[in-house]
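See below for the structure under consideration.
The values are calculated or read from the model by the stated rules, or taken from the named source; none is laboratory data. Quick caveat, the model's predicted, so the values are computed rather than measured. Virtual Cβ from ideal backbone geometry, glycine too; neighbours counted across all protein chains shown. The accessibility values were calculated without ligands, DNA or RNA, using every heavy atom of the protein model including side chains. Shrake-Rupley method; radii C 1.70, N 1.55, O 1.52, S 1.80 Å.
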Amino acid sequence: MTTTLPRAARPRRFAVLRHSGILARRSLAKSARNPGPIVNGVITPALFMVLFLYLFGRPVAGSTAEYLRYLFPGILVMGAGLAGMISTGAAINLDLKNGVTDRFRSLPISRTAPLLGSVLADILRYAIAVAVLFVLGVLLGFRPQGGALAAVGAAGLAVLFGFCLSWVTVYLGVLVKSAEAVLAFGFLAFLPLQLGSSLAAPTDTLPGWLRAWADVNPVTHVMDACRALLNGTPDGGSTGLALLWSGLLFAVFCPLAVRAYGRQE
């Protein structure tokens with residue numbers, strides 16, 4: 001004997017995406033009331049760009065205009081990566097700590113929707129940060145030599161990497177006891193990941209010990225790939241490495257975060 005479920009009780013297709021989209025709108029509404037993380041994700045790389053440009057432009061490249069061509073792609077990746085390392089994990093940790101997650105679990109929604117919703121909202125935040133940095137770069141004199149399509153590709157690669165990197169702090173946000181610990185980790189990870197890279201100077205000009213790290217640092221590969229796209233130069237395989245690292249980060253930390261989140265029940 002078979003039992004036919006009522007239409008309303010049948011599992012609906014794409015329910016996870018629908019629930020995640022609703023919670024993504026909630027996350028964006030929170031950002032509208034508290035835009036601090038977005039502002040920080042734009043202001044910090046913008047300050048680095050202006051400081052590096054006028055402090056090191058002439059000594060490193062001979063002119064600020066030439067140095068901006070090298071520096072700006074790295075700042076673009078920093079804008080998306082900085083937001084990915086800090087904002088998402090702290091927001092999820094606060095929801096767990098304040099009991100909001102318990103309310104989500106009482107609803108007939110997918111158990112992974114709160115995680116996916118928060119990360120999907122971050123994609124828009126990264127896009128805003130990248131767009132603002134592009135405007136600032138153009139005002140300072142940067143012009144994409146690779147054309148408009150390559151510029152869109154570089155922006156998309158930076159956002160993709162920020163999205164994949166955010167799963168690291170999502171996982172951490174589920175595990176640790178406080179949002180302050182997530183923020184502390186984000187700050188500590190910022191220094192070796194973002195600054196120990198090809199951001200300010202080519203890796204072959206760095207001291208040996210720092211060059212060894214920068215050459216294997218995934219951020220270096222993403223920056224070099226964006227640099228090649230924006231300047232219309234050969235990428236030397238950096239685009240493939242950037243996509244590989246992004247895929248590895250997502251494949252490892254997304255399942256870990258979802259599994260740890262499910263164990264919080």
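Quick rundown of the values:
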| read-out | value |
| --- | --- |
| Pairs where the first residue, in the range 165-180, is farther than 19 Å from Trp245 by Cα and the second is open to solvent by less than 10 Å² (accessible area, probe 1.4 Å) and of a type in the set (S, T, N, Q), C-beta under 6 Å, 6+ apart | Gly173/Asn93; Ala179/Asn93 |
| Subset of the range 125-142 [more than 30 Å from Ala29 (Cβ to Cβ) and surrounded by 13 or more Cβ atoms within 10 Å (Cβ to Cβ)] | Leu140, Phe142 |
| Positions within the range 104-162 being more than 20 Å from Ala225 (Cα to Cα) and over 20 Å from the mean Cα position of the chain (by Cα), in sequence order | Phe104, Arg105, Ser106, Leu107, Pro108, Ile109, Ser110, Arg111, Leu139, Leu140, Gly141 |
| Search result, residues across the range 214-242 that are open to solvent by 20 Å² or more (accessible area, probe 1.4 Å), assigned to a helix (DSSP H, G or I) and without any contact (Cβ under 8 Å) to a residue 24 or more places away in the chain | Asp215, Val216, Gly240, Leu241 |
| Ser110 being among the polar types (S, T, N, Q) and not in a helix (DSSP H, G or I) | yes |
| Residue tally, condition open to solvent by 20 Å² or more (accessible area, probe 1.4 Å) and within 22 Å of Ala46 (Cα to Cα), over the range 172-200 | 10 |
| Test: residue in the range 245-253 that is more than 25 Å from Leu120 (Cα to Cα), without any contact (Cβ under 8 Å) to a residue 12 or more places away in the chain and surrounded by fewer than 19 Cβ atoms within 10 Å (Cβ to Cβ) | no |
| Qualifying residue in the range 203-211 (condition: aliphatic (A, V, I, L, M) and open to solvent by 50 Å² or more (accessible area, probe 1.4 Å)) | no |
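Residues are listed down the side, and each one gets a yes or a no for (1) of a type in the set (Lys, Arg); (2) at pLDDT 90 or above; (3) open to solvent by less than 10 Å² (accessible area, probe 1.4 Å); (4) assigned to a helix (DSSP H, G or I):
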position	(1), (2), (3), (4)
Asn40	no, no, no, yes
Ala46	no, no, no, yes
Val60	no, no, no, yes
Leu71	no, yes, yes, yes
Ala80	no, no, yes, yes
